[in-house]
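*Asks:* Here's a structure for you.
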Amino acid sequence: MENNMNHTPAQIFLRDTFTVLKQVVFCLLACLFAISCHTEETKETNGKPAKEDVPNPVIPPNPLVDYTRWEIKDGKFYLDGEWVFLKIGKPLIDFSDESQVNRLINDLDVLREKYYNTLELNCYWHHFDTDGDGAIDKSLAPLNKLIDAIYAKGMYPCLSVETYAVGGGVIPGGFWEIYPDAYAIDDKGNRVSDTEYGTGSDVVSIFHPGYRATACAYIRNLAKGLDTRKILYFETTVEPQYMGTVHLCYGQHAKSAYQAWREANGIVDAASEMPTSFPIPESFIKNETWNKFRAQFLAGWIDGDAAAYREIAGSNAYIAVDYLDANETEQFRRDGDPVEFLSALTAPDIIQVNWTWYFPTNKPNQKAYDRVWQVIRQAGKDWAVSEHMTFNGNDYTQYPTTQLEEILENTLAQGTRFGWEFVNIMNNSSDDFCLYRDDWSPKRVIGLVDNYWGYWLQRVETIEKESRSQTYGLSLEN
């Protein structure tokens, strides 16, 4: 210890004060160094660089598109043997309208610059078949011109239809004149309109054989007029379901189909017989046998649409199907038994999950993905998992950016390796469902994707490497 006898009190005070200050400065520097190291360590641990630090890819001037070299397998799309993650855009226009189609053709370069490599063209039944008999009444020349233009730009055209009347589709008016008994009937014996989505359109019974035959005729006739070789995949009717808020369907055609199914399967128990009068009791509405039948019939309807496509495009044509899994309390109304429904599907190559996010509790819709992966594993399905409307212009506007990032990350964590789908990719500042403003600048939701596409491609590749051996547990918690 230093001898203080030779120093004045003032000198001792100054010396000790200086020593303390040195220690304080040293501690502060040490803390700052530790914080800096911890920050760098956290970045390395999370494996996520800043989005701004990852450059967007260079858009090739003459990208390769050759339908003889594309393949969907192992949950991915491959072009010439190389995995390509798809950025799928759905432009919602009338594809029978030449002026609308020409405007979209003129904007294809704008969409390419936003890294869209796939455009799905949703052809509403009533746009092309005005009298509802399944024949095409409008020229297919504009649609063909668009498909050729998309393909020539090095992008992949896809085709979807809306032949149902729940959630936006409309059955052509003339159809009801041909089949006035084709209306869906609820558990009270009443005809059904789309009150769930607020469109008010008349809802058709999928059990009506005339409806299924006419819708399939429309699909075949539409496909006949197109160069189907250039179409990457074909989607059956958007969001195929019964309804979530209304009990469907209890009309005579449903009863006849159910009775035939019971006889074919040797089912004779009285508890599962359809009642002969209205209202239908809840005990039957929730009956396990009845809902198994409803699930299988729904799958058969979708497989029938797929067969209509393949009759024209060939047996190897790729088929995409939406799987709508929303509130658990109403799921049996939408598709009977959801696992039975998924298991009964034979046609799909791509399953598009909706909802991907469970809005009531603001968390991943785990039960939806769990069911899809349960069937993939148990039945050995080679399905690509994707999402129906990964983002749209309406549902996500109130979410902060960090939440939007979490939603995208969740799709990848759930096994999505095929691509993301964005709706509506048209430019309209005043239309809440459109993702772009009049000048094609991105609204906030899609800006997170467009501006950092290089970052998201890196996340896709990183998560793929991390999760190759990952297994998915089942937890129907929602």
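The values are calculated or read from the model by the stated rules, or taken from the named source; none is laboratory data. If you're wondering where the values come from, they're calculated on a predicted model, not measured in any experiment. Don't worry about glycine lacking a Cβ; one is built from the backbone with ideal geometry, like all the others, and counts go over all protein chains shown. Calculation scope for accessible area: heavy atoms of the full protein, side chains included, ligands and nucleic acids excluded. Shrake-Rupley method; radii C 1.70, N 1.55, O 1.52, S 1.80 Å.
*Asks:* Does C27 count as loosely packed, with under 15 Cβ neighbours inside 10 Å and either at pLDDT 95 or above or more than 30 Å from D438 (Cβ to Cβ) (or both)?
*Replies:* Working: loosely packed, with under 15 Cβ neighbours inside 10 Å: yes; either at pLDDT 95 or above or more than 30 Å from D438 (Cβ to Cβ) (or both): yes.
Criteria met by C27.
*Asks:* What is the number of the single condition among (1) under 23 Å from the mean Cα position of the chain (by Cα); (2) surrounded by fewer than 18 Cβ atoms within 10 Å (Cβ to Cβ); (3) under 30 Å from R310 (Cβ atoms); (4) of a type outside the set (A, V, I, L, M, F, W, C) that T195 does not meet?
*Replies:* Among (1) under 23 Å from the mean Cα position of the chain (by Cα); (2) surrounded by fewer than 18 Cβ atoms within 10 Å (Cβ to Cβ); (3) under 30 Å from R310 (Cβ atoms); (4) of a type outside the set (A, V, I, L, M, F, W, C), T195 violates only (3).
*Asks:* Related question: What number of residues in segment 158-193 are assigned to a loop (DSSP other than H, G, I, E, B) and closer than 30 Å to A317 by Cβ? Give the derivation first.
*Replies:* Step one: list which residues in segment 158-193 are assigned to a loop (DSSP other than H, G, I, E, B), which gives 163-172, 179-182, 184, 186-190, 192.
Subset that is closer than 30 Å to A317 by Cβ: 163-172, 179, 182, 184.
Count: 13.
*Asks:* Also, I was wondering about something else. Any residue in segment 292-313 that is within 23 Å of Y233 (Cα to Cα) sitting within a Cβ distance under 8 Å of a residue that is charged (D, E, K, R) and open to solvent by less than 30 Å² (accessible area, probe 1.4 Å)? List the pairs, counting only those 6 or more apart or interchain.
*Replies:* Pairs found: L298/D335.
*Asks:* Could you tell me whether any residue of segment 200-208 is modelled with pLDDT under 95 and farther than 27 Å from P281 by Cβ?
*Replies:* Yes, segment 200-208 has at least one match.
*Asks:* Tally up the residues in segment 433-472 that are of a type in the set (F, W, Y) and in contact with a Pro (Cβ under 9 Å, 6 or more places away or on another chain), please.
*Replies:* Initially, segment 433-472 is screened for residues of a type in the set (F, W, Y), giving 433, 436, 440, 452-453, 455-456, 472.
Keeping just the survivors that are in contact with a Pro (Cβ under 9 Å, 6 or more places away or on another chain) gives 436, 453, 455.
Residues in segment 433-472 being of a type in the set (F, W, Y) and in contact with a Pro (Cβ under 9 Å, 6 or more places away or on another chain): 3 in total.
*Asks:* Considering only segment 133-143, state which residues are open to solvent by 40 Å² or more (accessible area, probe 1.4 Å), touching a residue at least 60 places away in the same chain (Cβ under 8 Å) and out of contact with any Lys or Arg (no Cβ under 9 Å at 6 or more places or on another chain). Before the answer, list the steps.
*Replies:* So in segment 133-143, the residues open to solvent by 40 Å² or more (accessible area, probe 1.4 Å) come out as 133, 136-139, 141.
Of the ones still in play, those that are also touching a residue at least 60 places away in the same chain (Cβ under 8 Å) are 133, 136.
The one that is open to solvent by 40 Å² or more (accessible area, probe 1.4 Å), touching a residue at least 60 places away in the same chain (Cβ under 8 Å) and out of contact with any Lys or Arg (no Cβ under 9 Å at 6 or more places or on another chain): D133.
*Asks:* Restrict the check to segment 117-132 and report whether at least one residue is open to solvent by 10 Å² or more (accessible area, probe 1.4 Å) and more than 30 Å from R212 (Cβ to Cβ). Don't jump to the end; show me each part of the working.
*Replies:* To start, the set of residues in segment 117-132 that are open to solvent by 10 Å² or more (accessible area, probe 1.4 Å) comprises 117, 124, 126-127, 130-131.
Right, trim to more than 30 Å from R212 (Cβ to Cβ) and you get 117.
The answer is yes, given that some residue of segment 117-132 is open to solvent by 10 Å² or more (accessible area, probe 1.4 Å) and more than 30 Å from R212 (Cβ to Cβ).
Results for (1) assigned to a loop (DSSP other than H, G, I, E, B); (2) under 26 Å from E464 (Cβ atoms), shown as yes or no for each residue.
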position: P61; (1), (2): yes, no
position: V65; (1), (2): yes, yes
position: S96; (1), (2): yes, no
position: R112; (1), (2): no, yes
position: D131; (1), (2): yes, no
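*Asks:* Would you mention how many residues in segment 144-164 are more than 18 Å from the chain's Cα centre (by Cα), open to solvent by 10 Å² or more (accessible area, probe 1.4 Å) and within 30 Å of A213 (Cα to Cα)?
*Replies:* Matching residues across segment 144-164 total 3.
*Asks:* Taking the options F207, F234, name whichever one is open to solvent by less than 20 Å² (accessible area, probe 1.4 Å) and either at positive phi or in a loop (DSSP other than H, G, I, E, B) (or both).
*Replies:* Numbers: F234 fails: either at positive phi or in a loop (DSSP other than H, G, I, E, B) (or both).
Criteria check complete, one pass: F207.
*Asks:* Right, something else. Hey, any hits in segment 398-418 for a residue that's open to solvent by 40 Å² or more (accessible area, probe 1.4 Å), assigned to a loop (DSSP other than H, G, I, E, B) and either touching a strand residue (DSSP E or B) at 6+ places or on another chain (Cβ under 6 Å) or not aliphatic (A, V, I, L, M) (or both)? Reasoning before the result, please.
*Replies:* Residues of segment 398-418 open to solvent by 40 Å² or more (accessible area, probe 1.4 Å): 398, 400-402, 405-406, 413.
Checking the rest, the ones that are also assigned to a loop (DSSP other than H, G, I, E, B) come to 398, 400.
Add one more test, that the residue is either touching a strand residue (DSSP E or B) at 6+ places or on another chain (Cβ under 6 Å) or not aliphatic (A, V, I, L, M) (or both), and what stays is 398, 400.
Yes - at least one qualifying residue is present in segment 398-418.
*Asks:* Also: Return the only residue of V375, V385 being farther than 30 Å from N106 by Cα, open to solvent by less than 10 Å² (accessible area, probe 1.4 Å), touching a helix residue (DSSP H, G or I) at 6+ places or on another chain (Cβ under 7 Å) and assigned to a strand (DSSP E or B).
*Replies:* Numbers: V375 fails: assigned to a strand (DSSP E or B).
Only one candidate passes the filter, namely V385.
*Asks:* Moving on. Within segment 64-103, can you find the residues that are over 22 Å from A141 (Cβ atoms) and among the polar types (S, T, N, Q)?
*Replies:* T68
*Asks:* Let me ask something else about it. Has segment 171-188 got at least one residue that is touching a residue at least 40 places away in the same chain (Cβ under 8 Å) and under 24 Å from the mean Cα position of the chain (by Cα)?
*Replies:* yes
*Asks:* Continuing with the same structure: Are there any pairs, at least 6 apart or on different chains, whose C-beta atoms fall under 8 Å, with the first in segment 254-277 and under 23 Å from A182 (Cβ atoms) and the second among the polar types (S, T, N, Q) and part of a loop (DSSP other than H, G, I, E, B), and if so, which?
*Replies:* A254/S205
*Asks:* A follow-up question, please. Can you tell me which residue within segment 334-365, out of those that are of a type in the set (S, T, Y) and assigned to a loop (DSSP other than H, G, I, E, B), is most open to solvent (accessible area, probe 1.4 Å)? Working first, answer last.
*Replies:* Start the filter on segment 334-365 by keeping residues that are of a type in the set (S, T, Y), which leaves 343, 346, 356, 358, 361.
Okay, now just the ones that are also assigned to a loop (DSSP other than H, G, I, E, B), so 346, 356, 361.
Numbers: T346: 109, T356: 5, T361: 72 Å².
Among residues in segment 334-365 that are of a type in the set (S, T, Y) and assigned to a loop (DSSP other than H, G, I, E, B), the one most open to solvent (accessible area, probe 1.4 Å) is T346.
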